[in-house]
Structures are given as structure tokens and as C-alpha cells.
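Okay, so here's the structure we're looking at.
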Amino acid sequence: MKKVIGKIINFVLVALILFAVAVLVLVGYNAKRGEATTVFGYGFMAVQTGSMTPEYPIGTVIIIKETDPSQLKEKDVITFYSSNPSLGNMIVTHRIMEVTDDGDGTYSFVTQGDANVIPDEYSAESEKIIGKVVGKSNLMQKLMKIRENPAFFLVLIVLPMCIIITMEMVNISKKMNEKNNEDEEKKKKQ
């Protein structure tokens with residue numbers, strides 16, 4: 001029974017590590033392309049400018065939840081693709097100052113950074129909303145810093161994953177040898 005539980009735990013650990021690595025790689029890849037990544041309706045992004053200080057200083061990792069634009073209201077902090085041509089579809093996180101129902105099931109939002117003195121020149125359109133900011137994550141902030149350093153990434157992700165995979169391969173090899181020995185014993189008895 002202990003062996004079965006051990007195998008289940010090993011399988012779950014390997015699956016979680018592979019999932020975490022895949023998410024980190026996907027987030028990094030999409031971030032370089034200027035795109036947001038959400039998993040199960042949630043995403044993590046690092047704040048790049050000081051427009052949302054003091055609540056979200058540069059480097060803060062925010063948690064974004066995909067949200068129906070009709071559910072957003074004034075004072076919510078949202079992340080969206082900017083409509084400002086000079087920003088080139090850049091991802092922005094600002095606070096909603098005004099919500100306008102466009103009457104056709106879409107909404108537009110006047111936004112402004114907390115540290116900015118005037119609202120954004122271009123409204124955030126509902127189809128460009130990534131989600132609502134629901135918090136910040138110190139753990140993800142540390143993981144993103146680790147992700148940026150290849151040495152830590154190797155030590156904390158790749159090395160444990162290689163150890164677990166090696167242990168599993170050794171276990172599989174042992175099981176195959178035991179099975180072969182049992183088969184040989186059965187043949188000898190016949």
C-alpha cells in the first residue's frame with residue numbers, strides 16, 4: 001500500500017512540476033510577444049511602470065481574473081490591451097474612472113493610473129479587457145524573478161524534475177526485472 005501511495009505522490013509531483021514549467025515557459029513566451037497568459041481564468045503579470053503606485057509599485061506581480069466586462073465598475077483595477085496607437089496594443093493596468101454602456105452589449109471604460117493626474121487619452125474597450133486585478137502575489141513575484149535567472153531555474157525546476165524522472169525510471173526498470181524474473185520462474189516450472 002505504501003508503494004502505491006508513493007507512486008501516486010511521485011506522479012502528482014511530476015505532473016505539478018511539468019505543469020509549473022509549462023506555465024512559466026508560456027508566460028515568458030507570451031510576455032516577450034506582449035500578450036497575456038491566463039490559466040483556468042487567472043493570470044499573473046508584473047507591473048512595468050509606476051503609473052499604479054503606491055498600490056502596485058514597479059515589479060509587483062498582480063493576479064488578474066478574467067471578468068465579463070458587464071461586471072466591471074468604477075474603481076475596479078483592470079488589465080487591458082491599450083487602444084492608444086502610440087502604445088501599439090501594449091498591456092496596461094489602470095483603475096476604471098467611468099463606465100459607459102455602449103448599448104450593443106459592449107462597454108468602454110475611462111481609465112487612469114493612480115499616480116497619473118489625468119485619465120488615459122483612449123478608453124479601454126470591452127473586447128480588449130484581459131481581466132480585473134484581484135490581488136498581488138509575493139510568491140509569483142519571487143518565481144518570476146527566479147524565472148529570469150537561469151541558474152535558479154535549473155536548480156529549482158530542472159534538477160528536481162530530473163531527479164524525480166530518474167527515480168521513476170529506476171523504479172520502472174526494477175519492476176520490469178521483477179516481471180522478467182517471474183516469467184522465467186514460471187517457464188522453468190512448466
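So which of S108, S83, S137 is small (G, A, S), over 30 Å from I8 (Cα atoms) and touching a Phe, Trp or Tyr at 6+ places or on another chain (Cβ under 7 Å)?
One residue alone meets the criteria, S83.
Show the residue pairs that are 6+ apart or on different chains and have beta-carbon atoms under 9 Å apart, the first residue being within the range 169-190 and under 15 Å from K7 (Cβ atoms), the second being of a type outside the set (D, E, K, R) and surrounded by fewer than 10 Cβ atoms within 10 Å (Cβ to Cβ).
none
Out of all the residues in the range 8-17, is one or more within 15 Å of the chain's Cα centre (by Cα) and part of a helix (DSSP H, G or I)? Write out each step before concluding.
Step one: list which residues in the range 8-17 are within 15 Å of the chain's Cα centre (by Cα), which gives 16-17.
Applying the additional criterion that residues be part of a helix (DSSP H, G or I) yields 16-17.
Yes, some residue in the range 8-17 is within 15 Å of the chain's Cα centre (by Cα) and part of a helix (DSSP H, G or I).
Just one of I62, I118 is hydrophobic (A, V, I, L, M, F, W, C), within 20 Å of E148 (Cβ to Cβ) and either in a strand (DSSP E or B) or more than 14 Å from the chain's Cα centre (by Cα) (or both); which is it?
Among I62, I118, only I62 is hydrophobic (A, V, I, L, M, F, W, C), within 20 Å of E148 (Cβ to Cβ) and either in a strand (DSSP E or B) or more than 14 Å from the chain's Cα centre (by Cα) (or both).
Filter the range 85-99 down to the residues that are free of Cβ contacts under 8 Å to residues at least 24 places away in the same chain and assigned to a strand (DSSP E or B) and list them by number.
M97
Quickly run through the range 18-51 and pick out the residues that are part of a loop (DSSP other than H, G, I, E, B), at pLDDT 80 or above and of a type in the set (S, T, Y).
Listed by number, the residues that qualify are T49, S51.
Working only within the range 71-115, note down all residues that are surrounded by 14 or more Cβ atoms within 10 Å (Cβ to Cβ), of a type in the set (V, I, T) and more than 23 Å from the chain's Cα centre (by Cα).
I96, V99, V110, T111
If F19 satisfies every condition in (1) aromatic (F, W, Y); (2) under 16 Å from S123 (Cβ atoms); (3) out of contact with any strand residue (DSSP E or B) (no Cβ under 8 Å at 6 or more places or on another chain) but one, which is the exception?
Going through (1) aromatic (F, W, Y); (2) under 16 Å from S123 (Cβ atoms); (3) out of contact with any strand residue (DSSP E or B) (no Cβ under 8 Å at 6 or more places or on another chain) one by one, F19 breaks only (2).
Between a residue in the range 131-154 that is among the polar types (S, T, N, Q) and any residue that is outside any helix (DSSP H, G or I) and modelled with pLDDT under 75, which pairs come within a Cβ distance under 6 Å, given they are 6 or more apart or on different chains?
So the pair list comes out empty.
One line per residue, one yes/no per condition, for (1) within 25 Å of N138 (Cα to Cα); (2) assigned to a loop (DSSP other than H, G, I, E, B); (3) of a type in the set (A, V, I, L, M):
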position: T53; (1), (2), (3): yes, yes, no
position: P57; (1), (2), (3): yes, yes, no
position: I78; (1), (2), (3): yes, no, yes
position: F109; (1), (2), (3): no, no, no
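For V158, are the conditions met, namely being modelled with pLDDT under 90, surrounded by 13 or more Cβ atoms within 10 Å (Cβ to Cβ) and β-branched (V, I, T)?
Against the criterion (modelled with pLDDT under 90, surrounded by 13 or more Cβ atoms within 10 Å (Cβ to Cβ) and β-branched (V, I, T)), V158 qualifies.
Which of the residues belonging to the range 48-74 are of a type outside the set (D, E) and over 16 Å from T111 (Cα atoms)? Don't jump to the end; show me each part of the working.
If we filter the range 48-74 for residues that are of a type outside the set (D, E), which is where we start, we get 48-54, 56-65, 67, 69-73.
Q48, P54, P57, I58, G59, T60, V61, I62, I63, I64, K65, T67, listed by residue number.
Note down all Cβ pairs under 9 Å where the first residue falls in the range 102-125 and is touching a residue at least 60 places away in the same chain (Cβ under 8 Å), the second is not in a loop (DSSP other than H, G, I, E, B), and they're at least six residues apart or on different chains.
Short answer, once both residue conditions are applied: G113/V92; G113/T93; G113/H94; G113/R95; D114/V77; D114/H94; D114/R95; N116/H94.
The values are calculated or read from the model by the stated rules, or taken from the named source; none is laboratory data. Just so we're clear, the structure is a prediction, and the values are computed from it rather than from any experiment. Here Cβ is always computed from backbone atoms with ideal geometry, including for glycine, and neighbour counts include all displayed protein chains.
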